[in-house]
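Notes follow once the structure below has been shown.
The values are calculated or read from the model by the stated rules, or taken from the named source; none is laboratory data. Please read these numbers as outputs of a predicted model, since none were measured by experiment. Ideal geometry is used to build each Cβ from the backbone, glycine not excepted, and the neighbour counts take in all protein chains shown.
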Amino acid sequence: MLEGIHDLLREPEPLVLREVPVPEPGPGELLLRVLACGVCHTELDEIEGRTPPPAYPVIPGHEVVGLVEAAGPGADGSRTGQRVGVGWFFSSCGSCEYCREGNENLCSEFRATGRDADGGYARYMKVPEGSAFPIPETLDEVSAAPLLCAGAIGYRSLRLTGIRDGDPLGLTGFGGSAHLVLKMVRAMYPATEVFVFARDPGERDFAMELGAAWAGDTSDTSPVPLRAVIDTTPAWKPVVEAMRNLAPKGRLVINAIRKEDTDRSRLLELDYAGHLWMEREIKSVANVSPRDIREFLRVAGEEGLKPDTSRYSLEEANRVLGELRRGGVRGAKVLVMD
């Protein structure tokens with residue numbers, strides 16, 4: 001459980017392990033027995049106050065795979081025993097303009113799993129039935145967990161780039177989401193070359209192992225102008241550097257829920273003529289929609305897309321968050337409940 005804002009550099013154990021009652025599913029809800037839950041950088045944003053929960057305590061975790069244990073009133077009881085996944089999307093109003101057009105991620109009443117409602121760092125959780133998506137049989141629960149956020153938000157980011165097969169694509173940062181984007185590109189856009197910018201040499205080596213055409217430091221210049229760049233970092237410097245590497249009409253897609261304030265002054269380096277002119281543009285990614293999760297799980301199942309993962313027990317959650325905060329992460333980290 002998270003009970004307040006913490007500085008992870010000074011407080012290495014922000015979460016408290018507590019025994020609480022098994023939640024009762026309400027109308028239209030499912031009770032899940034959690035099998036696995038991925039650890040996402042957004043948990044750091046919650047803990048450190050960049051996107052704080054509206055109330056404490058709260059159970060974090062939004063890359064959840066579980067078995068349906070029970071159905072609340074009005075929910076489909078036949079789903080009992082089904083293996084399902086829950087991502088960052090927990091609920092929305094369902095009736096506004098954005099919800100009607102399939103962009104529930106933009107709804108003013110958007111609620112996030114593990115922030116606005118208890119999430120998957122637990123053995124049981126409840127969720128609206130419409131926010132629980134079947135997991136393809138070809139995916140085991142540990143491989144599936146990071147797909148619910150890192151994968152789905154990467155899929156949305158990739159769609160928002162507007163690239164066509166053969167367009168060169170850049171990735172800044174190479175953690176849980178970016179390494180999945182590289183795998184997506186190789187499956188969905190086989191003629192597209194991917195150029196990776198990462199400050200950590202281990203991340204650059206990992207990118208080359210997975211098939212990147214080139215990998216360099218954040219400040220390096222790409223060998224070719226890029227049609228699009230997806231930024232997955234928590235910092236501002238990569239944004240400025242990425243804009244410099246865009247081709248005319250190029251688009252930078254920022255895949256981050258918040259940016260850290262420590263290097264905000266980097267934005268002063270953004271020069272109109274050198275970075276934005278020639279119809280270059282910056283586009284943000286806001287949350288993730290049910291469509292993104294549903295479609296990406298289907299693609300992952302059909303293409304056999306699986307993240308590189310490391311397994312940990314629930315009791316090791318604080319240790320895993322510390323490793324994520326320090327950086328240099330290879331692939332995705334997953335808490336396994338049994």
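Residues that are out of contact with any Ser or Thr (no Cβ under 6 Å at 6 or more places or on another chain) and part of a helix (DSSP H, G or I) occur in the range 306-315; there is at least one. The set of residues from the range 280-299 being within 14 Å of the chain's Cα centre (by Cα) and part of a loop (DSSP other than H, G, I, E, B) comprises VAL285, ALA286, ASN287, VAL288, SER289.
Scanning the range 184-201 turns up one or more residues that are under 17 Å from the mean Cα position of the chain (by Cα), assigned by TED's automatic domain parsing to the domain that holds ASN245 and in a helix (DSSP H, G or I).
Here's the yes/no breakdown for (1) buried (at least 22 other Cβ atoms within 10 Å of the Cβ); (2) in the same structural domain as SER131 (by TED's automatic domain parsing):
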{"position": "HIS6", "(1), (2)": "no, no"}
{"position": "LEU15", "(1), (2)": "no, no"}
{"position": "GLU19", "(1), (2)": "no, no"}
{"position": "GLU46", "(1), (2)": "yes, yes"}
{"position": "PRO52", "(1), (2)": "no, yes"}
{"position": "LEU67", "(1), (2)": "no, yes"}
{"position": "GLY72", "(1), (2)": "no, yes"}
{"position": "ASP76", "(1), (2)": "no, yes"}
{"position": "PHE89", "(1), (2)": "yes, yes"}
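Considering the conditions (1) within 25 Å of GLU209 (Cβ to Cβ); (2) in contact with a helix residue (DSSP H, G or I) (Cβ under 6 Å, 6 or more places away or on another chain); (3) not assigned by TED's automatic domain parsing to the domain that holds TYR121, ALA300 is excluded by exactly one of them, (3). Scan the range 154-183 residue by residue and report those that are basic (Lys, Arg) and either modelled with pLDDT under 95 or part of a helix (DSSP H, G or I) (or both). Across the range 154-183, the qualifying residues are ARG156, ARG159, LYS183. Scanning the range 187-204 for residues that are surrounded by fewer than 17 Cβ atoms within 10 Å (Cβ to Cβ) and at pLDDT 95 or above returns PRO190, ALA191. Each residue in the range 204-220 was checked for being of a type outside the set (Lys, Arg), under 21 Å from the mean Cα position of the chain (by Cα) and assigned to a helix (DSSP H, G or I), and 2 pass.
For the range 219-230, the criterion of being modelled with pLDDT under 95 and in contact with a Pro (Cβ under 6 Å, 6 or more places away or on another chain) is satisfied by no residue at all. Before we move on, is SER219 buried (at least 24 other Cβ atoms within 10 Å of the Cβ) and touching a helix residue (DSSP H, G or I) at 6+ places or on another chain (Cβ under 9 Å)? No: the conditions fail for SER219.
Name the single residue that is nearest to LEU15 (Cα to Cα) among those in the range 295-318 being of a type in the set (A, V, I, L, M, F, W, C) and in contact with a strand residue (DSSP E or B) (Cβ under 8 Å, 6 or more places away or on another chain). The selected residue is ALA317.
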